[in-house]
Amino acid sequence: MDSSTSNDFVSGDNSATTTNGHTLGNGHSTPKSNSQSDHSTMIEPYDLICVGFGPASLSIAIAHHDRRLDSSSRILYLEKQSSFAWHAGMLLPGSRMQISFIKDLASLRDPRSHFTFLNYLHQNNRLIHFTNLGTFLPLREEYNDYLTWCASHFVDSVRYGETVHAVNPVRLNGQGPVTMFEVQSTDANGVTQTRTARHVVLAVGGRPNIPTVFPTNDKRIIHSSAYASVVASVLGDREAPYKVAVVGAGQSAAEIYADLHSRYPNCHTRLIIRRQALKPSDDSPFVNEIFNPEKVDELYSLPSDDRTAAIRRDKDTNYGVVRIELLERLYEDLYSQRLRDPNEKNWVHNIVPLTDVASVQPNASNSKLRVCMKNIRSGMESKEDFDAIIVATGYIRDIYQTILASTRDLLKKDATGCECWSVGRDYKLQYDIDKVADNAGIWLQGCCEVTHGLSDTLLSILAVRGGEMVDSIFG
């Protein structure tokens, strides 16, 4: 499975060294500081503003650096987090990547880049030690450190702590086609910032998908994306005999279920899944070729119905599946309990299959959450009380529609006359050619799976895609 979560050569360039010791090539712009006013950009717009500074935007920054493009290019990255962090809520002890380190942010595009994972190891004096591990799958903790190391090279081009609310079209003298876009954000001090750019990339990730059956205002209900960051504030006593439910059948759910056993040695856990059993991911070599960069061209060129069918066929590579090594460990844990007591009702840890969560509400004293569970086959219901519920039910990737709401009337219309959020092969939103100038545009990242395939939200092709984005925007 080529999932990001579950997701060496020294450069020969003539990079300049910044005061913090990191290299920053001449091809990358360096706005001065986070406190610098950007009012001048109303006169001279940025060439590119990237909304979000996770791996997708970072791959663009690296590709732009490696292309050694015109140093006068003015690029800015806006990130709502206070510092660079990648899936901080799922950085669990001992968790490994589900993707080869070769699919880092540079190697598949240029293995001579300064930003390869192997060069990161070399720079940190761990190359030979990593080699001795004999693995292509680094710890997730180490990969996060690699990404943070990459991001540190571009610190002068990033405004952390800024949340973008809207991207609005701008017309020259208020007339004619749109020639640039206004990006509105709020910084960490609550001050509204307004900047303009000819090109905007939206790479804002997904919002947690929490089914409506779960109350949204109860801190005891935790989405998997925040698990490692907040669970200690909800379950504060490591030795307490908590009872915790995990909902979901994918890699994240299984990892959290396993992590709870060691994080809280006296807790009782239930993994609630709709299927008969947890399923293994298919990461065999031939199947894994669907994540090759050239497969995006192949899939994008298919008719819409054929694309949908192809993506559905391959979902077992990424959605609702677990790596076989973890499955075997979980099964062994259950077997050990069976050895000691054949009555499953007495087990401290268990997997509850073929089960839907029908309702969740506080119990009479509000000390716990009462979960009503319904067996999918029999329809029988049962109730259990839990101290916390971890919801590992994925993400919804539609934030861009809210941010771009004011540009909707610029979109090309489909056959029924409705505006649709369609993108070209280069990920550029397809606005009406009479309404938006050729040298302006908006690109989407991480929300184009329906047209570009399962790799769209993963790390697999970021190195190549970053180069494609730079070529599309800067030519």
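Yes or no, residue by residue, for (1) of a type in the set (Asp, Glu); (2) in contact with a helix residue (DSSP H, G or I) (Cβ under 8 Å, 6 or more places away or on another chain); (3) closer than 18 Å to residue 79 by Cα; (4) surrounded by fewer than 19 Cβ atoms within 10 Å (Cβ to Cβ):
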position	(1), (2), (3), (4)
170	no, no, no, yes
174	no, no, no, yes
186	no, no, yes, yes
189	no, no, yes, yes
199	no, yes, yes, no
204	no, yes, yes, no
225	no, yes, yes, no
229	no, yes, no, yes
243	no, no, no, yes
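Checking each residue in the range 422-449 for being hydrophobic (A, V, I, L, M, F, W, C) and within 22 Å of residue 462 (Cα to Cα) picks out 423, 429, 442, 443, 444, 447, 448. In the range 448-467, the residues that are on the phi > 0 side of the Ramachandran plot form no Cβ pair under 7 Å with any partner that is of a type in the set (Gly, Ala, Ser), whether six or more places apart or across chains.
Return a yes/no flag: does the range 289-307 have any residue that is at pLDDT below 95, more than 30 Å from residue 441 (Cβ to Cβ) and outside any loop (DSSP other than H, G, I, E, B). Yes: the range 289-307 contains one or more residues that are at pLDDT below 95, more than 30 Å from residue 441 (Cβ to Cβ) and outside any loop (DSSP other than H, G, I, E, B). Evaluate the range 293-313: report whether one residue or more is over 30 Å from residue 426 (Cβ atoms) and either among the β-branched types (Val, Ile, Thr) or more than 27 Å from the chain's Cα centre (by Cα) (or both). Looking through the range 293-313, none of the residues is over 30 Å from residue 426 (Cβ atoms) and either among the β-branched types (Val, Ile, Thr) or more than 27 Å from the chain's Cα centre (by Cα) (or both). Among the residues making up the range 148-174, a single one is of a type in the set (Lys, Arg) and within 17 Å of residue 52 (Cβ to Cβ): 159. So, residue 181, is that one surrounded by 15 or more Cβ atoms within 10 Å (Cβ to Cβ) and under 30 Å from residue 434 (Cα atoms) or not? It is true that residue 181 is surrounded by 15 or more Cβ atoms within 10 Å (Cβ to Cβ) and under 30 Å from residue 434 (Cα atoms).
Would you check if there is a residue in the range 74-85 being over 23 Å from residue 458 (Cβ atoms) and surrounded by fewer than 16 Cβ atoms within 10 Å (Cβ to Cβ)? Yes, there is a match, as at least one residue in the range 74-85 is over 23 Å from residue 458 (Cβ atoms) and surrounded by fewer than 16 Cβ atoms within 10 Å (Cβ to Cβ).
Checked against (1) assigned to a loop (DSSP other than H, G, I, E, B); (2) at negative phi, residue 120 meets all criteria but (1). Residues in the range 395-427 that are at positive phi and surrounded by 19 or more Cβ atoms within 10 Å (Cβ to Cβ): 427 only.
It is to be established whether one or more residues within the range 269-280 are at pLDDT 95 or above, within 22 Å of the chain's Cα centre (by Cα), hydrophobic (A, V, I, L, M, F, W, C) and over 24 Å from residue 465 (Cβ atoms). Within the range 269-280, none of the residues are at pLDDT 95 or above, within 22 Å of the chain's Cα centre (by Cα), hydrophobic (A, V, I, L, M, F, W, C) and over 24 Å from residue 465 (Cβ atoms).
Any residue that is in a loop (DSSP other than H, G, I, E, B), β-branched (Val, Ile, Thr), in the same structural domain as residue 333 (by TED's automatic domain parsing) and over 30 Å from residue 461 (Cβ atoms) - is there at least one of those in the range 223-241? Checked against the condition, which is being in a loop (DSSP other than H, G, I, E, B), β-branched (Val, Ile, Thr), in the same structural domain as residue 333 (by TED's automatic domain parsing) and over 30 Å from residue 461 (Cβ atoms), the range 223-241 yields no hits at all. Within the bounds of the range 442-464, is there any residue that is in the same structural domain as residue 68 (by TED's automatic domain parsing) and charged (D, E, K, R)? Yes, some residue in the range 442-464 is in the same structural domain as residue 68 (by TED's automatic domain parsing) and charged (D, E, K, R).
Of everything listed in (1) modelled with pLDDT under 50; (2) crowded, with 20+ Cβ neighbours inside 10 Å, the single unmet condition for residue 30 is (2). Pairs are defined by a Cβ separation below 6 Å, a sequence spacing of at least 6 or placement on different chains, a first member in the range 77-105 that is of a type in the set (Phe, Trp, Tyr), and a second member that is part of a strand (DSSP E or B); the pairs so defined are 77/50; 77/158.
The values are calculated or read from the model by the stated rules, or taken from the named source; none is laboratory data. The structure displayed is predicted, hence computed values, not measured ones. Glycine also receives a Cβ, built like all others from the backbone with ideal geometry; neighbour counts cover every protein chain displayed.
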